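Below you'll find the structure, written out as structure tokens, and then a few comments.
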Amino acid sequence: MSYLLVDCCGRSPHDYRCPHATEPQAIYTCSTCREHIFEGEEYYELDENFYHTDCLSEEVAANFIKEFFPVSEMIEVLKPFGIAKRGVARNDS
Ligand SMILES: [Zn+2]
Ligand SMILES: [Zn+2]
């Protein structure tokens, strides 16, 4: 049927506007919003939980770090970023 060919974008995979386009496949479920993470989408994985890149909040990440690193190690991990330091209090003046 030639009219079907006219309707088709002729691409592989089909353009999303094409009537032949298939729904993207859900691969994972986001642990924050509980929505699907579709094929081709970027995601973060933390301890076998999956997140949309927009859904992994700093709070979730911070809780994750807290859970898996004792405080002393957390300081070591954060040190290179210049936001954590371990020292001995001295009176320099
Ligand atoms: Zn098409
Ligand atoms: Zn999400």
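No value in this document is a laboratory result; all are computed from the given coordinates. Computed from a predicted structure; not experimentally measured. Virtual Cβ from ideal backbone geometry, glycine too; neighbours counted across all protein chains shown.
Taking a sphere under 13 Å around the Cβ of R17 and counting the other residues whose Cβ falls inside, with K and R at +1 and D and E at -1, yields a net charge of -1. Around the Cα centre of the chain, unit charges on the Cβ atoms of Lys, Arg, Asp and Glu (plus for the first two, minus for the last two) sum to a dipole of about 380 debye.
For segment 13-93, the extents of the C-alpha atoms along the principal axes are 75, 23, 16 Å, listed from largest to smallest.
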